[in-house]
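**Student:** One structure coming up, written as structure tokens, with questions to follow.
The values are calculated or read from the model by the stated rules, or taken from the named source; none is laboratory data. What you see is a predicted model; the values in this text were computed from it and never measured. Quick reminder, even Gly has a Cβ in these numbers, built from the backbone with ideal geometry, and neighbours come from all protein chains shown. These accessible areas exclude ligands, DNA and RNA; they are computed on the full protein's heavy atoms, side chains included. Shrake-Rupley method; radii C 1.70, N 1.55, O 1.52, S 1.80 Å.
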Amino acid sequence: MNAVRTHEQSRTAETGTRTYALFELMVREPWRKTGVARQLHNTLLASRREERATLLVDQTHPKVHALYESWGWATLGDLRPQLDDAPLFHAMLLGLPVAP
């Protein structure tokens with residue numbers, strides 16, 4: 001039990017510089033399905049100094065969720081912000097390479 005708790009604590013512990021939060025990566029209609037989103041995603045994250053990135057995907061968008069999974073993101077669980085009528089999100093995590 002202690003090993004499980006320690007592993008979970010290591011996944012959720014924050015230092016203030018450990019995790020980059022990706023928010024709202026959008027591509028306009030004419031450039032969708034051209035690889036532009038993946039290029040933006042990779043370029044943005046390539047120079048980050050954090051060890052990991054996190055994002056939220058609205059559960060009513062399964063294609064977006066599947067896209068992020070295909071890019072290596074792992075689903076950690078579900079999260080609903082404590083706001084009136086907030087949607088349910090998939091919380092996702094991606095390990096980042098160490099930037100030079």
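**Student:** Residues that are touching a His at 6+ places or on another chain (Cβ under 7 Å) and among the β-branched types (Val, Ile, Thr), at least 1 per element: which strands (runs of 3 or more DSSP E) completely within the range 13-100 meet that?
**Tutor:** Because the criterion is at least 1 residues that are touching a His at 6+ places or on another chain (Cβ under 7 Å) and among the β-branched types (Val, Ile, Thr), the strands (runs of 3 or more DSSP E) in the range 13-100 that meet it are 52-58, 74-79.
**Student:** Also, quick follow-up: Would you point out the residue of the range 28-58, among those that are acidic (Asp, Glu) and within 15 Å of the chain's Cα centre (by Cα), that is most open to solvent (accessible area, probe 1.4 Å)?
**Tutor:** Ranking the qualifying residues of the range 28-58, first place goes to Glu51.
**Student:** Anything in the range 59-86 that is open to solvent by 50 Å² or more (accessible area, probe 1.4 Å) and over 22 Å from Leu45 (Cα atoms)? List them, or say none.
**Tutor:** Gln59, Thr60, His61, Pro62, Asp78, Leu79, Arg80, Gln82, Leu83, Asp84, Asp85
**Student:** Something else about it: Condition check: surrounded by 10 or more Cβ atoms within 10 Å (Cβ to Cβ), farther than 23 Å from Ala66 by Cα and modelled with pLDDT under 85. Does Glu8 satisfy that?
**Tutor:** yes
**Student:** What are the pairs, 6+ residues apart or on separate chains, where a residue within the range 26-46 that is without any contact (Cβ under 8 Å) to a residue 24 or more places away in the chain has its Cβ under 6 Å from a residue that is part of a helix (DSSP H, G or I)?
**Tutor:** Within 6 Å, the pairs are Val27/Val36; Val27/Ala37.
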